[in-house]
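For reference, the structure discussed in these notes is given below.
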Amino acid sequence: MDLLDDLIRDSFGAAAARELCRRSGPFESGRLYRRIEISETMRREFVRRGGASGTSNAAVANVLKKWLLTRASPFRREARGRYRFLGLERGNERYTGAGVGGGAVRDAPMDYAPTPERDIGAGPCEVYAWCMPGYGATRDGRWPIRIGRAGAEGFKGQLRDFHENLPERPRYLLRLGCADDAEARRREMLLHAWFTDRRQQLEEASGDAWFLTNPGEIDEAIDHLMGAELHVGGITLEEMDKLFSDAFKNVPDEEWANLPDDLIDRLDEYLYGVDRFRQ
């Protein structure tokens, strides 16, 4: 029995992709293809040869996303998300191909390791900010920036899944370390709410994580929203609480009784004076 005939009884997978590439017709040796072209061709051939008719382009694309970059793939990744079909007899030409424009390319998932321009906080998870260098600033010095979150794989790990579709290498503006995914989710929501409230969300962009801002404004938002929990003059929030507790533990009860009932509601007025708020 033909191996492909056996493979198409199951959902589309890397083994079926490899067998399809063994057949003459779908791909031309030496030609460049976009990933979407490879996915659509694979799906069409898979269904034509007896694979499940309900197989979607998305299902095929998910399989090919990583398979295209492995040594088992008959394609070599080149510039701007294009792949050159070399056939399954690739030999041992590891990392030695000539890319678009004659430049050397690497047959690897990532050919560079971006480092954040600002790295604060600690923890395996993160909230990140990135943008494309080509995005031009507006008159007020803002440009489109994506603010998202990532687990232990980090932004670098996520970048492996989509960097090939980008026209240039992104700027990794910020890594805000978080103790766990829950903390990363909370901090991401705070930052999104901060910029959405200021009408800086880019509604025309895909998703809800793109904002018209700049690194300085992001720093300001972080300092305002979570500065205390990240760093307070070299003292953690827990240490600060202990300092306050130690400072007030010997204050007599009668002194506490002398404090005005509306102290919390009008704290700024009591601290700075009422005239300041009449200006």
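Looking only at region 119-160, filter to residues that are touching a helix residue (DSSP H, G or I) at 6+ places or on another chain (Cβ under 7 Å) and of a type in the set (D, E, K, R); which one of those is nearest to Glu204 (Cα to Cα)? Of everything passing the filter in region 119-160, Arg149 is nearest to Glu204 (Cα to Cα).
Taken over region 7-30, the criterion of being open to solvent by less than 70 Å² (accessible area, probe 1.4 Å) and acidic (Asp, Glu) is satisfied by Glu19 alone. If you check Arg142 against the conditions, is it in contact with a Pro (Cβ under 7 Å, 6 or more places away or on another chain), at pLDDT 85 or above and charged (D, E, K, R)? Criteria not met by Arg142. Can you name every residue in region 99-127 that is over 15 Å from Arg169 (Cβ atoms), at pLDDT 80 or above and of a type outside the set (Asp, Glu)? Arg118, Ile120, Gly121, Ala122, Gly123, Pro124, Cys125, Val127 - these are the residues of region 99-127 that are over 15 Å from Arg169 (Cβ atoms), at pLDDT 80 or above and of a type outside the set (Asp, Glu).
Of all residues in region 55-70, none satisfies being surrounded by fewer than 19 Cβ atoms within 10 Å (Cβ to Cβ), in contact with a strand residue (DSSP E or B) (Cβ under 9 Å, 6 or more places away or on another chain), modelled with pLDDT of 85 or more and hydroxyl-bearing (Ser, Thr, Tyr).
The values are calculated or read from the model by the stated rules, or taken from the named source; none is laboratory data. This one's a predicted model, so the numbers in the text were calculated from it and none came from an experiment. Reconstructed Cβ throughout: ideal geometry from the backbone, glycine too, with neighbour counts over all protein chains shown. Side chains are part of the model used for accessible areas, which takes the heavy atoms of the whole protein and leaves out ligands, DNA and RNA. Shrake-Rupley method; radii C 1.70, N 1.55, O 1.52, S 1.80 Å.
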